[in-house]
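A quick write-up on the structure given underneath.
The values are calculated or read from the model by the stated rules, or taken from the named source; none is laboratory data. Note that the structure is predicted; figures quoted are calculated from it, not measured. Here Cβ is always computed from backbone atoms with ideal geometry, including for glycine, and neighbour counts include all displayed protein chains. What goes into the accessible areas is simple: the full protein's heavy atoms, side chains included, and nothing from ligands, DNA or RNA. Shrake-Rupley method; radii C 1.70, N 1.55, O 1.52, S 1.80 Å.
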Amino acid sequence: MSSEASTPVLRGCIKLPLEEDELLEITAKAKDYALMHGAAMRSKTDFSPDTLNFAPFLLVPSSFPRKEFEKAVALQPIINRLMHNVAHDEEFITTTLAETIKVDEFTANLFNIYRKVLAHGFTQRVSLGMLRSDLMLESDCPELSMNILQQNEDATVAGAAAAAAKDKEEREAMEAADVKAEVYFNQTTTKCKPKIKCKDRHANVKQSAYCCWKQVEINTIASGFGHLGPASKTIQSFVLSELGHAEKLKNMPKNNALAGLCDGMVKAWDIYGKPKAVILFIIEDVSYNICDQRFHEFYIRETYPHIKVLRRTLTEVHREGKLGQSKELLLGPHEVAVIYFRAGYEPGHYHSQDEWDARYLMETSLAIKSPSIQYHLAGTKKVQQALAQPSVLERFINDPEEIKAVGKIFTGLYSLDDNDAGNASYEMALRTPEKFVLKPQREGGGNNVYGVDIPDALKRMTRVERSAWILMDLIHPPLTKGYMVRPGGEMPPPIVDMVSELGIFGVVIGDADNIVHNYQAGHMLRTKLSTANEGGVAAGLGALDSPYLIDSDNED
């Protein structure tokens, strides 16, 4: 990311800067408020199981266009259904990952479990998908449609004529057309008609700070921040009220992500149908993001006190776990109804064959899993790259309007396989690396390669090794300005340029033939410095935030 002077800026929630005395006082209050409301993490640099730091957060919420937020919320159940259908398409997953598993050992190990489970038949046909669709606003849309502009022919003709006009009367006509065109410009994300080149739009139409949103990725495993997403709204609501801006709170959308996700686990527990069975959280050996995980557990225990929650590592499952006569998963005296993976998404979680054996044991059991092995594979970057190809969506979605809506959100995703298409993508990345992000089949952040670092990374790979990666168009989000508060950070915090990534949660439960629950389950917003590539809060690169919905860029 970069903060070039040409990058547009979304208007802020409140007028900045604050007076220094006021800023110092409110920042100190907000830090304590965050700690006392569970917006905290264990330190990676000075770890102790007995201490917490507040999680990095934005002092006031970042602006996000209301129309685009509502569009993302409305689209999430469709994305849920899409990913559910993908996860249950054996031929598609097998074909799509065929080259990747030859060179990516981690994905190959997951696929081997999938293949063995398929061979014996799924003991549990029901899957629980707790997904998060991550997206960013795009401020540079060369494909932005002028179709809607042509609904007002006068504006279009006037704008086109004005571009070539030299006399005063025609220039005034252009300005009038621009005002009309801007209204339509912000309402569409479909592709340009050939008659009007997109580059002419920049000359003739006043640009918004954004034009649409594009999907960064879909997370199907360990989709975190169900607690920290709502917690960030709690902190920022307190700050706005303390600063005398309580009237702004109505523009911060309701966020029940914690309840939405936990209720999904309980719905799966109900489907399992055994009152004494437990919900199992699979955790890392060391959990830095402890509050987010524990609040899921505590919500279930407080809201549904008859349901017990266990926390175990993969190593502990290998040591304690076994299958009963009906292939029920048993941990000591406990039968497991639902497994929620907060670990198992990266190679470092599998120290030996024991952990892989534990994963296989769980996949062959009667427990309902989030994610099941097929859902885990459906979330790989390679599968998502395949979904972005023309006509592929028709395999999984029947409604033409839904196909169109989902197709619009994909940015460019390119294969790097050793074939004509992959070789063309390889050459494209070498020519213009600043336009792309290079992504492996990994979750958890910190794995991507950006911009000028891409050529060296690609040249170190063999043609076969490239199959483990995909190439994605770099998204150019608009900037926001605000105060980022970090443990040990500068006091008072300076105003910085930032970019945000919105995550929309979804819950879907069903088997290959039938979906029984499907809903949008809240949201989270992560914000990072505009100069940073990665933005994970748990990885120490981003900060908690929440959206402040705006209806236009220029309203006061």
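Hey, can you tell me all the residues within the stretch 116-125 that are among the small types (Gly, Ala, Ser) and either part of a helix (DSSP H, G or I) or within 17 Å of PRO347 (Cα to Cα) (or both)? Don't jump to the end; show me each part of the working.
Looking only at the stretch 116-125, we keep the residues that are among the small types (Gly, Ala, Ser), and these are 119, 121.
If the condition is that a residue be among the small types (Gly, Ala, Ser) and either part of a helix (DSSP H, G or I) or within 17 Å of PRO347 (Cα to Cα) (or both), then ALA119 is the only one that fits.
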- request: Give the stretch 120-142 a look and list any residue that's surrounded by fewer than 21 Cβ atoms within 10 Å (Cβ to Cβ), of a type in the set (A, V, I, L, M) and either at pLDDT below 95 or over 30 Å from SER326 (Cα atoms) (or both), or say none.
  value: MET136
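Looking at ASN219, is it touching a residue at least 40 places away in the same chain (Cβ under 8 Å) and within 26 Å of THR27 (Cα to Cα)? I'd like the intermediate steps shown before the answer.
Working: touching a residue at least 40 places away in the same chain (Cβ under 8 Å): yes; within 26 Å of THR27 (Cα to Cα): no.
In short, no.
If you take the residues of the stretch 57-73 that are open to solvent by 20 Å² or more (accessible area, probe 1.4 Å) and touching a residue at least 12 places away in the same chain (Cβ under 8 Å), which of them is nearest to PRO371 (Cα to Cα)? Full working, then the answer.
Just the residues of the stretch 57-73 that are open to solvent by 20 Å² or more (accessible area, probe 1.4 Å), to begin with: 66-67, 70-71, 73.
Next, from what is left, pick out any that are touching a residue at least 12 places away in the same chain (Cβ under 8 Å): 66-67, 71, 73.
Working: ARG66: 31, LYS67: 31, LYS71: 26, VAL73: 22 Å.
By that ranking, first place goes to VAL73.
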- request: Run down ILE113, ILE78 and say which single residue is assigned to a helix (DSSP H, G or I), at negative phi and under 22 Å from the mean Cα position of the chain (by Cα).
  value: ILE78
task: Would you confirm whether any residue within the stretch 311-321 is over 18 Å from LYS369 (Cβ atoms), crowded, with 18+ Cβ neighbours inside 10 Å and under 26 Å from the mean Cα position of the chain (by Cα)?
output: no
message: Tally up the residues in the stretch 26-63 that are under 22 Å from MET524 (Cα atoms) and part of a loop (DSSP other than H, G, I, E, B), please.
response: 11
task: Would you be able to say whether some residue in the stretch 450-470 is of a type in the set (Val, Ile, Thr) and either within 26 Å of PRO56 (Cβ to Cβ) or assigned to a helix (DSSP H, G or I) (or both)?
output: yes
task: Output the residue which, of all residues in the stretch 86-112 that are aliphatic (A, V, I, L, M) and surrounded by fewer than 19 Cβ atoms within 10 Å (Cβ to Cβ), is nearest to GLN374 (Cα to Cα).
output: ALA108
